[in-house]
Amino acid sequence: MTYAFNQEDRIRVAQELVDVAKNFANKGWFPATAGNLSIKLSGEPLVFGVTASGKDKENLTIHDILAVDGDSKAIEPTNLKPSAETLIHAEVYKRVPEAGACLHVHTLYNNLISDLLFEQGKLRIQGLELIKALNIWEENAAIEIPIVENFADIPKLAAEIGEVLDPRVPAVLIRNHGIYAWGADVFAAKRHVQAFEWMFHYMFLKLSVQRDALAGLAL
Ligand SMILES: [Zn+2]
C-alpha cells in the first residue's frame, strides 16, 4: 500500500509540532536541544511527521519536520535527518494503533524519578487527581509507568519499550534519559506529558520528604 501524499496534512502536522515544541520549550523541557516529537499522518501504511535530528526545539519551524515511514526512513528526498530515536516513535505507533502523536522530552524530574525507582522497574502512582488527565476515571485509580534501561543501542531500546508498554498508561520512562508519552492526537499527548511531568515532580518531592521524615525518626 502506498501513502497518498497530502500537502495540507503535512503542513498542519508540522505546525502542530512547532506549537507543542514552543509550549514545552517555554517550560525548559528541551535542554541542549534534546527531545523529539511526532504526529501520525497515516496508520496503514505507517507514516508520521517527526522533528529532524539536531534542530533547536526552542526555535523550531515547519521546515524542521520530515515525514518518515515505519522503518523511520524519509518518504521523500530531503536534507533533513530523522533522529535515531525516531525508531521508538515507530515502535509506539506499531504497538498502540490508536496513538496519533508521540512526544519525547528530557526533564529534570523524569530523569530523577526514573533513576530512583529503576530497580523496581516501574513508578506506581495512586490516587492523584491528575491521573484523570490520562482518561482513567476510577476512584483512587492506580497506574504503573514502566522504566527501562537507557540502552545506547536504539533498536534494542525501541524493542524493550515495545515489550513493556501498557496501552492503558500512555508513557514509558527511560532511566536517566526521559519520557515517551503518546495520545490519540497531539492535544491528548501534550496533556499526558504535562500530567506525567507534574506527577513526577510530586512523587520526587514526596519521596524526599518521606526519606527526611524517616531519617528524623531514626535519630
Ligand atoms: Zn532522548
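The values are calculated or read from the model by the stated rules, or taken from the named source; none is laboratory data. Treat the numbers as computed from the prediction; the structure is a model and nothing was measured. Because the Cβ atoms are built from the backbone with ideal geometry, glycine has one as well, and the counts that use them run over all protein chains shown.
Can you tell me how many residues within the stretch 73-108 are closer than 13 Å to Gly183 by Cα and crowded, with 20+ Cβ neighbours inside 10 Å?
9
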Practice problem: Kindly indicate the residue of the stretch 1-18 that is surrounded by fewer than 16 Cβ atoms within 10 Å (Cβ to Cβ), in contact (Cβ under 8 Å) with a residue 24 or more places away in the chain and part of a helix (DSSP H, G or I) and also farthest from the ligand (Cβ to nearest atom) among those meeting that condition. | Solution: Ile11
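For the stretch 77-88, which positions are touching a residue at least 12 places away in the same chain (Cβ under 8 Å), in a loop (DSSP other than H, G, I, E, B) and farther than 10 Å from Ala158 by Cα? I'd like the intermediate steps shown before the answer.
Pass one, the stretch 77-88, residues touching a residue at least 12 places away in the same chain (Cβ under 8 Å): 78, 80-88.
Narrowing further to those that are in a loop (DSSP other than H, G, I, E, B): 78, 80-81, 83-85.
Those that are touching a residue at least 12 places away in the same chain (Cβ under 8 Å), in a loop (DSSP other than H, G, I, E, B) and farther than 10 Å from Ala158 by Cα: Thr78, Leu80, Lys81, Ser83, Ala84.
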Exercise. Any chance you could count how many residues in the stretch 20-68 are among the hydrophobic types (A, V, I, L, M, F, W, C), within 16 Å of the ligand (Cβ to nearest atom) and within 14 Å of the chain's Cα centre (by Cα)?
Key: 8
Self-check item: Verdict on Val193 being within 16 Å of the ligand (Cβ to nearest atom), at pLDDT 95 or above, within 26 Å of Val13 (Cα to Cα) and not polar (S, T, N, Q)
Solution: yes
Quiz item: What do you reckon, is Val148 under 20 Å from Glu119 (Cα atoms) and of a type outside the set (Lys, Arg)?
Solution: yes
Exercise. Name every residue in the stretch 72-88 that is farther than 14 Å from Gly162 by Cβ, touching a helix residue (DSSP H, G or I) at 6+ places or on another chain (Cβ under 8 Å) and within 13 Å of the ligand (Cβ to nearest atom), in order of residue number.
Key: Ala84
